[in-house]
Amino acid sequence: MNPFYFGTSDRRLFGIYEPAVQGSAGTRAAVLCYPWGREYLHAHRAMRQLAVRLSVAGYHTLRFDYFGTGDSAGDMEDADLAGWEADISAAIAEIRDVTGAAQVALIGLRLGATAAARVAARAASGVNALVLWDPILLPGSCLPAMDGAPGDVAEMQGFRVGAAMMRDVRAIDLPAILAAISEPRGVRIFIPVTDRTPSHARLDANGLLAVEYINSAQPWIEDSATGGTVPIEVIRRIVQWLA
Amino acid sequence: MSRKIAERAVLLGPRQSLCGILTRPAGPAAGDAPAIVILNTGIIHRVGPHRLFVLLSRALARTGLTVLRFDFSGIGDSDTRLDGLSPLDSCLADIRDALDWLEAECTPSRVILVGLCSGADHAVLYGYTDPRVAGLVLMDPSIPATALFYVQYIGQRMARLRNWVSFIRGRSGIVRLWLEHTAAAVWPGWKARTLTLQNMRTHPDLERIYQQSVARGLQILAVFTAESTRQTYREQIIDAFPNVAFRDQLTIELIAGSDHLFSTDAHRCHLVDVVTVWLAQLGLTTAPAPSRAEVVAPP
């Protein structure tokens, strides 16, 4: 485990690099993209376990905090989704630089999955595999409307969120993002059975994407009965698919 | 004083197994300044609920202080210990490791421990045992129930329909609490043999620890939130420990309207103000602390 800061001087990002265990064949690397808000806090333990198991399976992994979140620089109200996508790209460049890996697997949870999909859909993203763990599909009307004026801030999940971030998240349309991915065979989507909705059918409208519904806990949800538990079945399946 | 601060990731402890963030003024730190050590809240990693400890670390660093926030073994990004200590003893050993590291790295004149909920309890249990600790910032620490607590607690809950439903279903917290006290009174062997936080919540143990803390000269800032389930009024900590002569070593603040996890930005900023004002009144900082700070790369 190697905790460190990377990125530019005005956008310092905190990350933790887990090297692949010795004896692994080839150089394989993965970047983990956290969820946001309270989900980030609750899922931290599960994401760490995912990184550890990937490193045992031979992956160099980097998980990191987006600008304005966790231990990274900045305040949440100054963050926007485009900036977080740039942070993911910076993390991909960082782990490629550290490990020499030519391609990187991108694994995202919840909002992190959606942001990861947007990055992976770009040409020359350097991403050869994309894992989406219960991604945010169509948040749209769930979010409060903001007038978008400079300085306009709303408080969500206890955080001050700027108009740019709110606008970006409201505009998310994951099925449309996935339709733009050129190599759908490199995409795997994992959805907990308890979180399945009719909207999930839209994810694989073209029959090209692999969607797995798994009977598993949702570690990003605060629950006094399950708090701190690790959804080992999902983690096992993700590692198995990437191995 | 510089408004810029620097943060770096650190690994500490004998096995380099504890993960933390050291936040310091970008310029030279004040020569006689204490260091602040922020402890985990439950299983939430070092950033704290709603990033509270990031905000607090950066604000205090802007006043010239060195701040370390780190994860206990097995929490957040820290590895588990290999020595088989109980969870509580493991946390206390980790605090000692963190202070040893700070002493070698930053040579602070003294240390202030900061904790919320279980973190406050850990700060209380450790503080009086280490002469390097000069003060405690305790947010919603465990405070034994008093007669007035029961009156107010029961009164508040009797006014809520859902509490009547819980009572009828046998899920009432107050009934469980009463049963625990009754069991302890009629069956002395009920108390677990190992040192656990639950045991240390017992009144005599805590009172003795607060007595020793005060005797050692520790300054204590106790911050309570309106939604704490452990206390219902501001002076409960004084009433609960009648044999502790806190005198001017205890400052009590009540942040009205805040929930236990400081879930709104306004309450988090209020807390930062409370802590920085307290430190300034003790002569430990010289500058007021704006809640937000510009972070630069360490030199």
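Here are the numbers for the structure shown:
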read-out: Some residue of segment A:154-161 being in contact with a Phe, Trp or Tyr (Cβ under 7 Å, 6 or more places away or on another chain), closer than 21 Å to A:A116 by Cβ and part of a strand (DSSP E or B); value: no
read-out: Strands (runs of 3 or more DSSP E) completely within segment A:1-98 that count 2 or more residues being facing chain B (nearest Cβ under 9 Å) and out of contact with any helix residue (DSSP H, G or I) (no Cβ under 7 Å at 6 or more places or on another chain); value: A:2-8, A:11-18
read-out: Total residues in segment B:226-244, condition among the hydroxyl-bearing types (S, T, Y) and crowded, with 22+ Cβ neighbours inside 10 Å; value: 0
read-out: Enumeration of residues in segment A:163-211 that are of a type in the set (D, E) and within 17 Å of the chain's Cα centre (by Cα); value: A:D168, A:D173
read-out: Single residue of B:R51, B:R58, B:R46 found to be more than 19 Å from B:A120 (Cα to Cα) and at the interface with chain A (Cβ under 10 Å from one of its Cβ atoms); value: B:R58
read-out: Contacts under 8 angstrom Cβ, first residue in segment B:255-276 being closer than 15 Å to A:E155 by Cα, partner among the aromatic types (F, W, Y) and buried (at least 18 other Cβ atoms within 10 Å of the Cβ), 6 or more apart; value: B:D265/A:F159; B:R268/B:F262
read-out: Check on B:V37, at the interface with chain A (Cβ under 9 Å from one of its Cβ atoms), crowded, with 24+ Cβ neighbours inside 10 Å and outside any loop (DSSP other than H, G, I, E, B); value: no
read-out: Only one of A:A90, A:A51, A:A86 that is farther than 15 Å from A:R12 by Cα and either surrounded by fewer than 24 Cβ atoms within 10 Å (Cβ to Cβ) or touching a strand residue (DSSP E or B) at 6+ places or on another chain (Cβ under 6 Å) (or both); value: A:A51
read-out: Any chance A:G15 is in contact (Cβ under 8 Å) with a residue 40 or more places away in the chain and over 22 Å from B:I43 (Cα atoms); value: no
read-out: Residue ID - nearest to A:R38 (Cα to Cα), chosen from residues in segment A:100-140 that are surrounded by 19 or more Cβ atoms within 10 Å (Cβ to Cβ) and polar (S, T, N, Q); value: A:T114
read-out: Residues that are modelled with pLDDT under 70 and of a type in the set (G, A, S), drawn from segment B:162-178; value: B:G173
read-out: Members of segment A:101-133 found to be on the phi > 0 side of the Ramachandran plot and in contact with a helix residue (DSSP H, G or I) (Cβ under 6 Å, 6 or more places away or on another chain), listed by number; value: A:R110, A:G126
read-out: The listed residue being more than 14 Å from every other protein chain (Cβ to nearest Cβ) and within 21 Å of B:R24 (Cα to Cα), out of B:R96, B:R81, B:R69; value: B:R96
read-out: Which numbered condition A:E222 fails, given (1) surrounded by 19 or more Cβ atoms within 10 Å (Cβ to Cβ); (2) under 30 Å from B:T41 (Cα atoms); (3) among the charged types (D, E, K, R); value: (1)
read-out: Exclusive hit being out of contact with any Asp or Glu (no Cβ under 8 Å at 6 or more places or on another chain) and surrounded by fewer than 18 Cβ atoms within 10 Å (Cβ to Cβ), set B:G27, B:G48; value: B:G27
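Residues checked against (1) in a helix (DSSP H, G or I); (2) in contact with a strand residue (DSSP E or B) (Cβ under 7 Å, 6 or more places away or on another chain); (3) modelled with pLDDT of 85 or more; (4) not β-branched (V, I, T):
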{"site": "A:M146", "(1), (2), (3), (4)": "no, yes, no, yes"}
{"site": "A:D168", "(1), (2), (3), (4)": "yes, no, yes, yes"}
{"site": "A:P175", "(1), (2), (3), (4)": "yes, no, yes, yes"}
{"site": "A:A201", "(1), (2), (3), (4)": "yes, no, no, yes"}
{"site": "A:P219", "(1), (2), (3), (4)": "no, no, no, yes"}
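The values are calculated or read from the model by the stated rules, or taken from the named source; none is laboratory data. Everything quoted here is computed from the prediction, not taken from an experiment. Note that each Cβ is placed from the backbone with ideal geometry, even for glycine, and that neighbours are counted across all protein chains shown.
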